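Asks: My structure is below; once you've seen it, I'll send some questions.
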Amino acid sequence: MNAKPFASGLSENAVVITRVADRQWHALDDDLVVGRGHAEHRPDGRLFVSIDAWHDAAFDRLAEVMPAQLPAPLYTVVDEADAELTAGWRRAGFTVRRREWEYVVPTDPQVTGLEAVLPPSGVTIVPAGRADEGLLRAVDRAIRDEVEASVGWQSMPAEVIPRPEGDTIVDPSKYAVAAGTQGYLGLIRVVRAKRPRIGLVAVRAGEQRRGIARALLAHALGTLHRSGCAAAWTEVNESNQPASALFEGVGARPMSSNLELVR
């Protein structure tokens, strides 16, 4: 977790940074822990850092020492509304790489307008938990390759769930798919933890603009509505205009934004 640095009269020279474990640091003032730093690899292989500090001086010292002991590039994510924390990372040489909006998405079909939405001719929606795992992995791999060859997979919403090396499907039961005569054409992933989150909606490049993504969304939101969930959440990269249009078209509202910073 990133925590904002708090101003104080603490001298930066008084702060001692100690590496306490692999990719973990403490900021000490007279042996008192006044800040913690952490680094971890995301599933996409990128290295993200976070700092939880009590004082500006502790934050700045951690943000100075950690990059010197880690391979570049380094990334971090902050709530855009937290100007103080963002300023701290900027002081450390981080710059804004992208903005990601968090949307709250209604599930009631009468609100979303998706009540009568059906998949296009020749396409059926296979509910979550019923997809063929081999075909699911095949369409996931194909979509990732297509995205990587165009805008790059790093433009997609951040994936933070740990997964085995080389495996991009953590839990097949979380995916509903759009099935055609030649295999799966698209997928949607919904994870229910503290609140339902739509982590991914994607369709094969050659099958886009046919209404498949909208049909997958109609199915997922309708399923959530019937189970008693009034809303779901999702994140969309600001530059992904088709995804923004898809969600805003069903009444989704942006609630907050995160900045991904890089050094």
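Asks: Mind listing just one residue for me: the one in region 232-254 that is among the hydrophobic types (A, V, I, L, M, F, W, C) and either at pLDDT 95 or above or over 17 Å from the mean Cα position of the chain (by Cα) (or both) and, of those, nearest to Gly211 (Cα to Cα)? Walk me through it before giving the result.
Replies: Step one: of region 232-254, the residues among the hydrophobic types (A, V, I, L, M, F, W, C) are 232-233, 236, 243, 245-247, 250, 252.
Narrowing the set further to residues that are either at pLDDT 95 or above or over 17 Å from the mean Cα position of the chain (by Cα) (or both) leaves 232-233, 245-247, 250, 252.
Numbers: Ala232: 21, Trp233: 21, Ala245: 13, Leu246: 10, Phe247: 13, Val250: 13, Ala252: 18 Å.
Once the filter is applied, the top-ranked residue is Leu246.
Asks: Okay, moving on. Identify, by number, the condition in (1) open to solvent by less than 20 Å² (accessible area, probe 1.4 Å); (2) aliphatic (A, V, I, L, M); (3) within 30 Å of Tyr184 (Cα to Cα) that Val49 doesn't meet.
Replies: (3)
Asks: Which pairs have Cβ atoms under 7 Å, sit 6 or more apart or on different chains, and link a residue in region 241-260 that is over 18 Å from Leu217 (Cβ atoms) to one that is assigned to a loop (DSSP other than H, G, I, E, B)?
Replies: Correct list of pairs: Ser256/Ala81; Ser257/Glu80; Asn258/Glu80; Leu259/Glu80.
Asks: Let me ask another. From Thr124, Thr107, Thr86, Thr76, grab the single residue that is loosely packed, with under 15 Cβ neighbours inside 10 Å and of a type outside the set (A, V, I, L, M).
Replies: After ruling out the rest, the residue left standing is Thr124.
Asks: Which of the helices (runs of 4 or more DSSP H) found entirely inside region 36-147 contain at least 1 residues meeting this: under 19 Å from the mean Cα position of the chain (by Cα)?
Replies: On the way: elements: 56-68, 83-91, 109-112.
Answer list for region 36-147: 83-91.
Asks: Being among the aliphatic types (A, V, I, L, M) and surrounded by 15 or more Cβ atoms within 10 Å (Cβ to Cβ): is that true of Leu28 here? Please lay out each step first, then the result.
Replies: Values: among the aliphatic types (A, V, I, L, M): yes; surrounded by 15 or more Cβ atoms within 10 Å (Cβ to Cβ): yes.
It is true that Leu28 is among the aliphatic types (A, V, I, L, M) and surrounded by 15 or more Cβ atoms within 10 Å (Cβ to Cβ).
The values are calculated or read from the model by the stated rules, or taken from the named source; none is laboratory data. Computed from a predicted model, the values in this text were never measured in an experiment. We place every Cβ from the backbone using ideal geometry, glycine too, and count neighbours over all the protein chains shown. Note: areas computed on protein heavy atoms with side chains; ligands, DNA, RNA excluded. Shrake-Rupley method; radii C 1.70, N 1.55, O 1.52, S 1.80 Å.
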